[in-house]
Every structure is written in structure tokens, then in C-alpha cells.
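Quick notes on the structure that follows.
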There are 2 protein chains.
Amino acid sequence: MNVVNTVDPRDGRRRATELTETDESRLEAIAEQASQAARWLSDLGRLRRAELLDAIAAELESRRADLIATAEAETGLSHPRLDGELTRAAVQFRMFGEVLRDGAYVEAAIDHAADTPLGRGPDLRRMLVPLGPVAVFGASNFPFAFSVVGGDTAAALAAGCPAVLKAHPSHPLTSHASAEAIGAAIRDLGGPAGVIATVYGEPAGRWLVRHPAIRAVALTGSVGAARAIQAAIDERPDPIPLYAELSSVNPIVILPGAADDRADEIAEGLFGSFTNSGGQLCTKPGLAFVPSGAGGDRLLEALRGRVAAAGGAVLLNERIRDGYEQRAAEFERAGARVSARPEVDRGDGFVVAPTLLEVDLVGLTAEIADECFGPLMVVVRYDDAADLDAALATVPPSLTGSLHHGPGDDADAVRRLVDGFAGRTGRVVFDGYPTGVRVSWAQHHGGPWPSTNAVHTSVGATSIRRFLRPLAWQDAPAWLLPEELRDEYAAIPRRVDGRLQPVVG
Amino acid sequence: MNVVNTVDPRDGRRRATELTETDESRLEAIAEQASQAARWLSDLGRLRRAELLDAIAAELESRRADLIATAEAETGLSHPRLDGELTRAAVQFRMFGEVLRDGAYVEAAIDHAADTPLGRGPDLRRMLVPLGPVAVFGASNFPFAFSVVGGDTAAALAAGCPAVLKAHPSHPLTSHASAEAIGAAIRDLGGPAGVIATVYGEPAGRWLVRHPAIRAVALTGSVGAARAIQAAIDERPDPIPLYAELSSVNPIVILPGAADDRADEIAEGLFGSFTNSGGQLCTKPGLAFVPSGAGGDRLLEALRGRVAAAGGAVLLNERIRDGYEQRAAEFERAGARVSARPEVDRGDGFVVAPTLLEVDLVGLTAEIADECFGPLMVVVRYDDAADLDAALATVPPSLTGSLHHGPGDDADAVRRLVDGFAGRTGRVVFDGYPTGVRVSWAQHHGGPWPSTNAVHTSVGATSIRRFLRPLAWQDAPAWLLPEELRDEYAAIPRRVDGRLQPVVG
């Protein structure tokens, strides 16, 4: 069996762990356990699953120091960043606890038997039920919030679906420790082993996607990974849904009024948004449209100064480091000029220099308008805001589009830009930055291809719906109905005979 | 250009129509018009789109006689059946009018800016918005309710998405006349040409799925068609969602108590459910599990009598007729015995004999437990209800599973069967029949593969969600928000700061 290695990106040192790559017979056992656990988790019911999620959040917090230390050595991300991320992971579990207690997510609907234009209609009752075991492919760049203890896992467990995690090779020990934390909370509630599991190695990922027990796949990763997983799904006798969060450029437009009004403040915001966490965020702004003129010049000058004074960024792994260097060189060959790039001490780790590139609007090619994972942003200088709509239409659809406006900016131009973003992104940000994704009911994290592959969100309360399916009962005796669908139940919002009913009590 | 032919399945006569297969340049123009119409339809807003849907329903009813006559000559379906189906189509448009007026379907959510465990959270507002032009592949077996004027079209237009229909080759003139009816209602409201369009011919279907303007595909058809469309989608630079309603066996279990209690009544119900509309319904029961013993014998005898006395059924087209004959022969070769099959006058049309086959539980092979499109049902005789769970697990997942129970039937056995159906179907029917799908808020028409390819419904209020995507606004000025997301708006249910708000006024 192949040993799993861990690499410290700060010094490039590789060492063997006690983990081994998951072989096919072990995967078979894991899938079987997940199938059996599905029943337990579903039967646990909404309110006790909410308790489980709260217990997982508490377990994560009680292991905070160990988890962060492990992740630091595997990702090179800073302690404050990982500390915040672990809090975010706990917040996500607790939010889904709220979602379960609220109960609207099951979309309970009752149509009593009635005369209709098509004759007597039967009694129909519908709600969403768990889909079954889910495969989750953890991300490189969020060892907690989009990995084993991430939002996909929280949403799956909340929905009542066991989760089998494909650990990202960049942080196997963090993945293992994370699964241990969830496992402890499950055991405390008397749950079986199969509610959560972790598999290691690329072959295990492929087997997992093809395994009959798996009913959906969630991925935070690259377009290439999504294409490969979709190909594996298409080979199944029974295709299953893939929910993939992929690539995003996140254009950000600074209108002249905003640049004139607050050049320094925006320079500071842009700098943080593209360099924090080594720029390794799916919502990192890759393109900033900065106006010509005094305000824009001042903004760019301030931004250059910050970048020039920045230190090196430790990237997550060798592949990401190499991809970053290569992509930056491609952008330069395609005509982007280096606007600022400090000399940094690269040492033995995966260290790169933050890079600010610059291009005129006419020089913005499709090549430059693509994602570069890491601390790189391209400033696009423009003369006339009227030219932006056409330029933005050449930027690939993204998770987000941001717009800074200020006194004197034309309202019609603002509206046109917002309309453009609305058609090509999943979230439109005003006078702010796309990074720092709030975890809340109204959040949306998704968008047209290539930012995601479908019409879902992978953050926020409604991300639970990916792991649910509708089921209807026709003329069922009350004793066979789930309690949420019995006439007398009134603890959750339901639609009864077409009307949404308030919660009683 | 290839002329489109129409065939009367009652006499097999083929004649040329004035329609031609859609060529690539015409398809390009249609897609372009659909893109342009998307804006108009979206800007129309919920309440005026509801008016449009009502106007379409009225237009269909005003053209009832012509539409039915056209469909009769193309499908061989009976006048009463087509009359009911046209009513159903009108009901579907009106139901989505209600859905729009209710407004909950946009899932409006507002999270005001607030302090969170992760710092200050921005103001976030989210709702569902139209996906853009949708391709709809009409079904052979429902010239109205699952074709040009069908539920997919109604849901798409309700969502604010123009619909481009691939007309089924079995009813081109009905498709054309249907599109004219919708077009008239759109013109009356001042709408552009591209809101609805119809294309003809298989190549046009392929181009349509690959066209960049198309943002989703809805199909009611075969597993083979779904695989082909998915392959075309996978070739796109930007894959789009496919919502496919496919193949279904719809097993129906008669427990001994039910057979003893009401053998004749159930025989009558089963007979109607598998022979009406020539058995060409996706919810037709293909397998009926009938107990041994006096009640079961009586039931089977009554059923045999009805089948033996039945006349021939006109099937929709030659391919379906041939497929039916071939599949029936396969079932017989696999060991199913002919229980009843009348001699019928086949004439020159696509006429077949309704067929009741019979097999013992041990003889139920995977081959026999497959779908046969047309008026064929296999009765599976069983001795012990305890053996049913295992047998049902070999039946492919289906849209529906039905259970008849009566005095003396064991409650645990009932519960086990219902649990089995809940895991393998989309709708569990008690003491009734899966055909005659009620169109209402709580309806669900879908299920695990191969009954559908994903976790959607293609009937009922929530089928609109297939054509919507979430969009969030972060810290947006009020004047740029859709009215549904402004603070003061209270005409629809919304979730504000995590709490579902009742509608005011």
C-alpha cells in the first residue's frame, strides 16, 4: 500500500505519514458502511441532526489548537487565517443546525384531495428527503471550510446524507484529524462509523465517484477535475449529480467617481483582497478596471506601493506554485506589463512574489482575462466607462463581479454594468471586495460556467438542497407519513392547499 | 430543405406538411431571437408574466377544437383523452400564474449587515432569476401536456425564460399549431417573436443543445435520448443542465388483504391504468404483484376477462408499435406466459393487442422487470409478502411505486414496502394507480435514475426551479435592487435575517 506523504510548503520538506492510500477493498467497505449509516442519519430526524451539527462545531473548537497547528504545517497559511477559517467551519455547522430547526428546507407541501378541472384529485404530500451517501472532494485552499469539515460536509450531514471525503493531497493529516473530530461527535451520539469517512489517493477518488452507493458528488476544484469526474459519472449505469465550484476571475470595476473619492482606501482594499491567503481564494479579484485620470493614477500608485513593499507568499503546494509562475509569464507574454513585483526570498519553500500587472483596455486579451491562482492581479486601465460593458463581456463568467462607484458616476452606466454582472456572475458586490464570503441565509456562492457547473450554491443555507430529493406520498394513511407531513404538525412552514402557512407555537 | 411529414397512426398514411426541417441558419436566427426575448420576458416581471400565462391558457381553450382535431390525426389518441390533456395544459399555465402571483418561488432572502463571529458581515440579498433561453424536447405521448404547450414550456415561460421547442416528429402539425397559440398570446401583450419557437428535425435538436444561447435543456423521452443529449452537452465549452424524465416501470403491489377485500375493483383499476392511452404513459404500471390465494385468483380472473374483451390500441408511431411487439416477445422468451391477449383487427395503422403477461415471483428476471412502452402489464404471482422486498429491489427505480392494502395485512410488511418504495421512487401511491398525475403544488414527477437523471420534478409548482438560478446582491443601493429585495416590499414571503416573514396585505 502506498504511503501518504505530507509536505510543508514553508520549507518544501516532505515526510511520510502513517496514512496509506485507500485501496479498492477498503473503499468498498467504506461505501458499504456509508450506505448503512444513511438510514441512521435519516432516522435521527431534523432536531437530533441539529444537535449533532452543534456537537461537531463544539468538537472542532475543542480541538482548535491541534487542528490549526496541523494545517499550518501542511498549507503554509497563517495562524490568524486558519483560526478564522476554523471558526467559519464551526459557524457553518451551527448555521445548518438553525436550518434544520427552522425546517422550511424540507419544503413540506400538502394538497388535500379536491375536485379539480381534471376530476377528483388525490391527497398529495411532498417533502425533500436525503439523497444518500455523498462524495465530497476537498479543496486545496481551504483545509477546513471547504474540506473535511467544510460546507459540503455540513450540508450533506444536515440533509441526512453520510459524507465520504476525498482528502486533498495538500493536507492529509489535517483531513485525518478533521474526520476524527467529526467521528468523535458522531460516536458520542451513538452513531455508526459510516456517517463520515475519508479516502486518500487519486484512484480512490475515481472508484468513489463510480461506486453505486454514492448518490451525488460535490467538488471544489478545477475545471479539469470537474471534466474528469463528469466523465466518470457518465460511465455509471446510473448517472448522479455533480455539484462543482470551479474557476473564477472576479472582475472588479472602479468607476472614476470612486477613484476620485477614495483612491487610497480602495488601493488598500484591493491589495488585501488579491494578496491575503496568498491570493489562493476562489473569490480573489483577478482583474481590476481602473480609470485613467488623476484619481485612477493615485489609486494605482498607492496599490503599486503596497505590492512593492509586500513580502513573499507561501503557496499551498509545488503544483500551485509552478502554475502561478507559469500563468504570470503567460500574461506577460500576452502583453501585460509588470506594474509592481517585489524581490522576495524564495528559500526552500513554495514562495512566490505577489505581482501586479497592468494592461490597457484594448490590450485585454482572453488569455489575460483568465484565472491565475495566487497573488496576482491585472489592472486594466480604461478611459471611458462606456467601453467597459463590451470588455466585461469577454471576461469568463465568475462567482462575483464588483463595482465601486462614487459621486458623479453616471447612474445609467452603473445600471448597465450591474445588469452585465447579473447575467455573468452569481454575486454582485457594491463598493466592496468579493473575498470574505459571509456565511448566512442569503449568501450565494456559484455562478455560470466555469465558476460552477450548474445552478446551485456551495455556501449558505440553500446549499443543503444539493443533497435532497423530492418525494411525494399519494393518499397515504397518516401513520405512514413523516411527521412533517401529518395534518396536525405545525412546527415548520408548510404549503397547504397552495398557501404558505405560518409556524404555530 | 427536407419537408416534414405527418403520419396518421390510425391508418398509417403519411403525407407532407408545409413545414420544413430547421436548417442551421434558421436555428441561428431562432437562438438569436430567443436571446433578445429573454430580456423582455424577464423585465415583464412576475405579475405581468402571470397575465401572459393566463392569456396562453385562454388562447389554448379558444383553439380547442382545432388543436384536438390536429392531434387526433397525428397521435391516434382519443378525443376525450386529448380534450382532457388540453385542459391539463391550460391548467398548468394557470397554476404557474398562481405560482408567480404567490412569489415565494423567487426565494427572496435578505441578511442585513450585522456583526458575526467572523467580523462585520455585509448586507446580502438573494433571489432566483431566470436562467435564459431553454431548449425543450417534446414527448411523443403527450402532444399537449408534455410538448410545445406542456409543463416544461409553462415552467420556462413562468421563470422568465424563452423556450425553443424541438417538436416531436410524431406530431409536427400539433406542435406548429400549439406554438401559434402561444405566439398569439405573446403578440397580444406586445412581446417579441423569440419568446417561443419550434424547431423540426433531429439535426436541429443537436444544434440547439450545443448553441451558446441555450442555458438548460428539458427532455421527456428515452434513456438513449438523454445519453445522446448529455454527450452533446459535454462537448460544449460551457456545460448546461439537462433535466430529463425518462423510463419507468411503476411497480404496483396488491397485498392479500386488498385482494380479498376488493378484487374486482382493483382489476378494473389496473386494467384502466395499463391500457388507457394505449399504455403509452410514463406512469403506466408495468408490473403488478398479485398474491396467490382466492382473492388474488379472483382479481387475476377479472383482469384477464377485461383484457380478453378489449379492442386493439392505436400506438403513436411505427417505431413505438415495433418496439412494443419486440419487447413483448422478449418478455415471453424470458419466461413470461401470456395470461390474456385478445385477437384484434390490425388494419393498416399502428394497432396492437393489449397484453397481460404472467410470471411467478421466482421467474421475475431483470429482463421482464423492464419498461415496455404500450398496453402491456406483467402480473407477478407471489405466495408470501415477505419475499416482495427483495423482488422489488430488482425492479429499476421508477417515478412511482403503488401499494394496495386491506384488512388483515401486516403493518410491518406495509411499512417495509413503503420504505423500499421511498428509496427507489419519486411518489408512493396508496390504494390507487400511478396514472392520472394531479397537477398541483405538492405534486412530484421524478425519481432516481432511470426515471429521471437528477433530483428535479417535471410536474408541479416546484418544476419552475429548473429554469432559475440564484443571484446575490452585496451592499447594493436600494435603487439597483429588484423590487422583491427592497426593504419595504412585503407582497411575497421572504426570509429576512434568517426568519421567514409572512406576507403583508
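Per the helix-only calculation at 222 nm, which mean residue ellipticity applies to the protein assembly as shown, given -39500 (n - 2.57) for every DSSP H run of n ≥ 4 and division by its residues, nearest 500 deg cm²/dmol?
Working: 25 runs with 384 residues, N = 1010.
When only DSSP H runs of four or more count, the value is -12500 deg cm²/dmol.
Which percentage, to the nearest 5, of the DSSP beta bridges contained in chain B is antiparallel? Can you show the working numbers first?
Working: 27 of 66 bridges.
Counting only bridges with both partners in chain B, antiparallel ones make up about 40 percent.
Return the loop-located GluC sites (Glu not before Pro) in the range B:158-257 (DSSP other than H, G, I, E, B) with at most 13 other Cβ atoms within 10 Å of their own Cβ; answer none if there are none. Don't jump to the answer; show the numbers that get you there.
Values: sites: B:Glu180, B:Glu235, B:Glu245; in loops: B:Glu235.
Hits after loop and neighbour filter: B:Glu235.
Need one value: the accessible area of B:Tyr243 in square angstrom, 1.4 angstrom probe, rounded to the nearest 10.
Surface accessible to solvent at B:Tyr243 totals approximately 20 Å².
Give me a single rounded figure for A:444-454: the average over its residues of other chain Cβ atoms within 10 Å of their Cβ.
On the way: counts 12, 2, 4, 4, 6, 6, 3, 0, 1, 4, 6.
Going residue by residue through A:444-454 and averaging, the value is 4.
Treating only the Cβ of Lys, Arg, Asp and Glu as charged (+1, +1, -1, -1), what charge dipole size does chain A show about its Cα centre? Round to the nearest 20 debye. Before the final figure, lay out the partial values.
Details: 50 positive and 67 negative charges, 192 e Å.
Dipole magnitude for chain A comes out near 920 debye.
Report the calculated FRET efficiency for A:Asp66 and A:Asp322 (r = Cβ-Cβ distance, R0 = 30 Å), to the nearest 0.05.
Numbers: r = 31 Å, r/R0 = 1.03.
FRET efficiency, A:Asp66 to A:Asp322: 0.45.
What percent do you get for the relative contact order of the range B:110-241 when only Cα pairs under 8 Å and 6+ apart count?
Numbers: 200 pairs, mean separation 34.1, N = 132.
Taking the mean separation of contacting Cα pairs over the length of the range B:110-241, I get 26 percent.
Would you tell me the accessible area of A:Phe350, worked out with a 1.4 angstrom probe on the heavy atoms of the protein chains, in Å² to the nearest 10?
Here the accessible area works out near 20 Å².
Cα centroid distance between the range A:416-459 and the range A:103-171, in Å?
The two parts, judged by their Cα centres, are 21 Å apart.
Just to confirm the numbers: A:Asp383, label point 7 angstrom along the Cα-Cβ line, distances to the other copies in nm, shortest first?
Label-point separations across copies, in nm and ascending: 9.2.
Heavy atoms only, 1.4 Å probe, whole protein assembly: order B:Arg210, A:Arg64 by accessible area, highest first. The partial results should precede the final answer.
Working: B:Arg210 100, A:Arg64 55 Å².
Solvent-accessible surface, decreasing: B:Arg210, A:Arg64.
Using a label point 7 angstrom from Cα along Cα-to-C-beta, what distances in nm, from shortest up, separate B:Pro192 from the other copies?
5.6
Counting only protein chains, not ligands or nucleic acids, how are B:Ser458, B:Ser222 ordered by accessible area (probe 1.4 Å), most first?
Details: B:Ser458 10, B:Ser222 60 Å².
Correct descending sequence by accessible area is B:Ser222, B:Ser458.
Please state the equivalent ellipsoid semi-axes for the range B:18-107: what are the square roots of 5 times the Cα gyration tensor eigenvalues, largest first, in whole Å?
Details: eigenvalues 146, 113, 19 Å².
Whole-Å semi-axes of the equivalent ellipsoid: 27, 24, 10.
Considering the rotation that carries chain B onto chain A, locate the chain B residue whose Cβ comes closest to its axis and report the distance in whole Å.
B:Pro502, 3
Hey, if you drop one equal point scatterer on each alpha-carbon of the range B:404-505 and run the Debye formula without solvent, what base-10 log of I(q)/I(0) do you get at q = 0.16 Å⁻¹?
-0.90
Looking at chain A, I'd like the Rg to Rh ratio, where Rg is from alpha-carbon atoms and Rh is Kirkwood's inverse mean 1/r. Could the numbers behind the result be given before it?
On the way: Rg = 24.4 Å, Rh = 24.2 Å.
Dividing the radius of gyration by the Kirkwood radius yields 1.01.
Rounded if a/c is under 1.5, else prolate if a/b is larger than b/c, else oblate: which is the range A:163-215, with a ≥ b ≥ c the root eigenvalues of its Cα gyration tensor? Present the calculation step by step, with values, prior to reporting the outcome.
Values: a/c = 3.94, a/b = 1.30, b/c = 3.03.
Oblate shape, in that a/c is at least 1.5 and b/c is the bigger or equal ratio.
For A:Asp66, which inter-copy label distances result when the label point lies 7 Å beyond Cα on the Cα-to-Cβ vector, reported in nm to one decimal and in ascending order?
7.7
Which whole number gives the average count of other chain Cβ atoms within 10 Å of the Cβ atoms across peptide B:123-129? It would help to have the intermediate numbers written out before the result.
Numbers: counts 4, 10, 3, 11, 2, 3, 2.
What the average comes to for B:123-129 is 5.
Using the Kirkwood radius built from alpha carbon pairs, what does the Stokes-Einstein equation give as D for the range B:336-381 at 4 °C and 1.567 mPa s, in µm² per second?
In µm²/s, the coefficient is 111.
Taking 8 Å as the Cα distance limit and 6 or more residues as the minimum spacing, I'd like the relative contact order of chain B as a percentage.
On the way: 1129 pairs, mean separation 92.9, N = 505.
Relative CO of chain B lands at 18 percent.
Going toward the positive end of the dipole of the range B:3-67, with +1 on Lys and Arg Cβ and -1 on Asp and Glu Cβ, which of B:Ala65, B:Ala37, B:Gly12 do you reach last?
B:Ala65
If DNA, RNA and ligands are ignored and the probe is 1.4 Å, what is the ranking of A:Met377, A:Met1 by accessible area, most exposed first? Let's see the in-between values first.
Numbers: A:Met377 0, A:Met1 165 Å².
Reading off the accessible areas and sorting them downward yields A:Met1, A:Met377.
How large is log10 I(q)/I(0) at q = 0.12 Å⁻¹ when the Debye formula is applied to the Cα atoms of the range A:122-273, each weighted equally and without solvent?
Reported log10 I(q)/I(0), two decimals: -0.61.
Compute the separation of the alpha-carbon centres of the range B:244-300 and the range B:57-95 and state it in Å as a whole number.
First find each Cα centre; the distance between them is then 28 Å.
Would you please classify the overall shape of the range A:282-369 from the alpha carbon gyration tensor, given that a ≥ b ≥ c denote the square roots of the eigenvalues, rounded means a/c under 1.5, and beyond that prolate means a/b larger than b/c while oblate covers the rest? Mind dumping the intermediate values first?
On the way: a/c = 2.29, a/b = 1.43, b/c = 1.61.
Oblate.
Among B:Gln443, B:Gly183, A:Phe350, whose Cα lies farthest out toward the positive end of the dipole of the protein assembly as shown, if unit charges sit on the beta carbon of Lys, Arg (+1) and Asp, Glu (-1)?
B:Gln443
Modelling each spin label as a point 7 Å along the Cα-to-Cβ direction, I'd like the B:Glu24/A:Asp238 distance in nm, to one decimal.
Distance between label points: 4.0 nm.
Binned at 20 Å from 0, what are the whole-percent values of the Cα-Cα distance distribution for the protein assembly as shown, short to long?
The distribution over the protein assembly as shown is 13, 43, 34, 10, 1, given as percents.
Looking at the range B:334-419, which trypsin sites (Lys or Arg not before Pro) are DSSP coil and have at most 16 other C-beta atoms within 10 Å of their C-beta?
On the way: sites: B:Arg337, B:Arg346, B:Arg381, B:Arg415, B:Arg416; in loops: B:Arg346.
Passing both the DSSP loop test and the Cβ count: B:Arg346.
Solvent-accessible area of B:Arg14, probe 1.4 Å, all protein chains present, reported in Å² to the nearest ten, please.
Result for B:Arg14: roughly 150 Å² accessible.
How well do other chains shield peptide A:472-485, expressed as the mean number of their Cβ atoms within 10 Å of each residue Cβ?
Per residue, the average neighbour count from other chains is 5.
Return the percentage of antiparallel bridges among DSSP beta bridges fully within the protein assembly as shown, rounded to the nearest 5 %. Don't skip to the answer; put the middle values down first.
Numbers: 54 of 138 bridges.
Given both bridge residues lie in the protein assembly as shown, the antiparallel proportion sits at roughly 40 percent.
Only four residue types carry charge here, +1 at the Cβ of Lys and Arg and -1 at the Cβ of Asp and Glu. Report the dipole size of the range A:383-505 about the Cα centre in Debye, rounded to the nearest 20.
620 debye
The values are calculated or read from the model by the stated rules, or taken from the named source; none is laboratory data. Keep in mind it's a predicted model, so treat the numbers as computed, not measured. All Cβ positions, even for glycine, are placed from backbone atoms using ideal geometry, and neighbour counts span all protein chains on display. Heavy atoms of the whole protein, side chains included, go into the accessibility calculation; ligands, DNA and RNA do not. Shrake-Rupley method; radii C 1.70, N 1.55, O 1.52, S 1.80 Å.
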